[in-house]
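One structure is given here, and the rest of the page talks about it.
The values are calculated or read from the model by the stated rules, or taken from the named source; none is laboratory data. Bear in mind the structure is a predicted one, so any value in this text is a computation, not a measurement. Here Cβ is always computed from backbone atoms with ideal geometry, including for glycine, and neighbour counts include all displayed protein chains.
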Amino acid sequence: MSNTAQASAGWRDYLELTKPKVVALMIITSAIGMLLATEGMVPWSVLLLGNLGIALCAGSAAAVNHVVDRRIDIHMARTQRRPLAQGRVNPLHALMFALVLGVAGMLILLQWINALTAWLTLASLLGYAVIYTSFLKRATPQNIVIGGLAGAAPPLLGWTAVTGQIDAEALLLVLIIFAWTPPHFWALAIHRKEEYAKVDIPMLPVTHGVRYTKLHILLYTFILLAVSMLPYVIHMSGIIYLTVALVLGIRFIDWAWAMWRDSRPHAAIKTFKFSLWYLLWIFVALLVDHYVGVVGWL
């Protein structure tokens with residue numbers, strides 16, 4: 001079977017190992033972090049090479065995740081068609097692929113961006129691929145809360161790629177994603193509760209029940225709303241961002257409340273899907289507000 005699997009592996013299988021949709025969302029937030037870091041235009045070399053290096057490292061971490069989770073992926077409807085779960089890619093080949101991506105990404109960041117961004121990216125890679133995937137995911141129902149910091153790093157990486165330093169505004173962007181991650185992922189965990197239980201992954205709905213998880217999702221949406229107001233409070237953004245953040249935050253709370261009250265069918269998966277749009281549009285609003293402010297200042 002190993003020879004057949006290796007022979008049948010194609011470029012699409014290796015692309016899937018990188019979780020391209022997840023990486024795309026990360027690169028959007030990274031690119032916006034770059035643009036928010038300056039009042040002018042980011043140099044094309046930084047915009048392209050910086051995001052390429054970050055994307056390669058993120059793809060490397062995703063490939064490691066596929067290798068570590070291959071035995072449980074086969075039992076879950078969402079992941080059972082993955083290349084390693086189906087045997088289309090050999091685990092050793094996947095690890096070699098991850099190593100090549102990670103080394104290439106680090107070399108690009110060290111050579112053409114700056115050392116701070118490179119080492120922060122490496123820390124994020126290790127945080128997701130090793131600490132979260134290999135340990136936290138199986139150790140505690142707070143796995144996504146603790147491990148969420150690695151996934152929240154892209155806007156900081158984009159910011160440091162431009163400035164070469166860590167600023168409070170960049171950390172605030174990280175805080176928004178950090179607060180967004182639990183309600184986003186727990187909504188999916190509720191939808192997939194039986195599958196997580198079957199493979200003994202201690203997600204919050206499995207260990208503490210769906211009702212308990214829904215309450216925490218609701219509480220986190222209020223925390224997220226408060227956190228999302230901070231860019232306006234510290235004068236990082238203006239009224240455009242504030243309006244969008246309020247509308248999106250209230251809508252997120254509305255979905256969380258619907259889950260808590262069981263008032264809408266399939267509320268969990270719909271909340272999860274809304275959360276993806278929430279993150280995209282709140283960062284777009286930050287970007288639009290930033291450049292409107294720059295134009296007004298000029």
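Grab the helices (runs of 4 or more DSSP H) fully contained in region 1-80, keeping just those with 2 or more residues being in contact (Cβ under 8 Å) with a residue 12 or more places away in the chain and closer than 20 Å to Leu173 by Cβ. Walk me through it before giving the result.
Values: elements: 2-8, 11-17, 20-36, 51-68, 70-73.
Once the helices (runs of 4 or more DSSP H) in region 1-80 are filtered for at least 2 residues that are in contact (Cβ under 8 Å) with a residue 12 or more places away in the chain and closer than 20 Å to Leu173 by Cβ, what remains is 20-36, 51-68.
Out of all the residues in region 260-276, is one or more part of a helix (DSSP H, G or I) and under 30 Å from Met41 (Cβ atoms)?
Let us first name the residues in region 260-276 that are part of a helix (DSSP H, G or I), namely 260-261, 267-276.
Retained after the next criterion (residues that are under 30 Å from Met41 (Cβ atoms)): 276.
Checking region 260-276: at least one residue is part of a helix (DSSP H, G or I) and under 30 Å from Met41 (Cβ atoms).
If a residue must be farther than 12 Å from Ala187 by Cβ and in contact with a His (Cβ under 9 Å, 6 or more places away or on another chain), how many such residues does region 241-279 contain? If you could, list the steps in order and put the result at the bottom.
Within region 241-279, the subset farther than 12 Å from Ala187 by Cβ is 241-251, 253-254, 257, 261-265, 277, 279.
Next, from what is left, pick out any that are in contact with a His (Cβ under 9 Å, 6 or more places away or on another chain): 241, 279.
Adding up the residues that qualify gives 2.
Considering (1) at pLDDT 95 or above; (2) surrounded by fewer than 18 Cβ atoms within 10 Å (Cβ to Cβ); (3) in contact with a helix residue (DSSP H, G or I) (Cβ under 7 Å, 6 or more places away or on another chain), say which one Gly209 fails and leave the rest.
Condition (3) is where Gly209 drops out.
Just to be sure I understand, how many residues within region 170-188 are under 13 Å from Phe283 (Cα atoms) and surrounded by fewer than 24 Cβ atoms within 10 Å (Cβ to Cβ)? Steps first, answer last, please.
Going residue by residue through region 170-188, those that are under 13 Å from Phe283 (Cα atoms) are 170, 172-177, 180.
So of that shortlist, the ones also surrounded by fewer than 24 Cβ atoms within 10 Å (Cβ to Cβ) come out as 170, 172, 174-176.
Summing the residues that are under 13 Å from Phe283 (Cα atoms) and surrounded by fewer than 24 Cβ atoms within 10 Å (Cβ to Cβ) in region 170-188 gives 5.
With the checklist (1) farther than 22 Å from His184 by Cα; (2) in contact (Cβ under 8 Å) with a residue 24 or more places away in the chain; (3) part of a helix (DSSP H, G or I) in hand, flag the one item Trp119 doesn't pass.
Single failed check for Trp119: (2).
Out of the residues in region 65-88 that are buried (at least 19 other Cβ atoms within 10 Å of the Cβ) and charged (D, E, K, R), state the one that is farthest from the chain's Cα centre (by Cα).
Checking each candidate, the answer is Arg88.
For every residue, the table says whether it meets (1) within 18 Å of the chain's Cα centre (by Cα); (2) surrounded by fewer than 17 Cβ atoms within 10 Å (Cβ to Cβ); (3) in contact (Cβ under 8 Å) with a residue 24 or more places away in the chain.
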{"site": "Ala197", "(1), (2), (3)": "no, yes, no"}
{"site": "Asp200", "(1), (2), (3)": "no, yes, yes"}
{"site": "Leu215", "(1), (2), (3)": "no, yes, yes"}
{"site": "Ser228", "(1), (2), (3)": "yes, no, yes"}
{"site": "Ser237", "(1), (2), (3)": "no, no, yes"}
{"site": "Val247", "(1), (2), (3)": "no, yes, no"}
{"site": "Leu279", "(1), (2), (3)": "yes, no, yes"}
{"site": "Phe283", "(1), (2), (3)": "yes, no, yes"}
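From Ile27, Ile74, grab the single residue that is among the aliphatic types (A, V, I, L, M) and at pLDDT 95 or above. Give the steps one after another, and end with the answer.
On the way: Ile74 fails: at pLDDT 95 or above.
Step by step, each of Ile27, Ile74 is checked, and only Ile27 is among the aliphatic types (A, V, I, L, M) and at pLDDT 95 or above.
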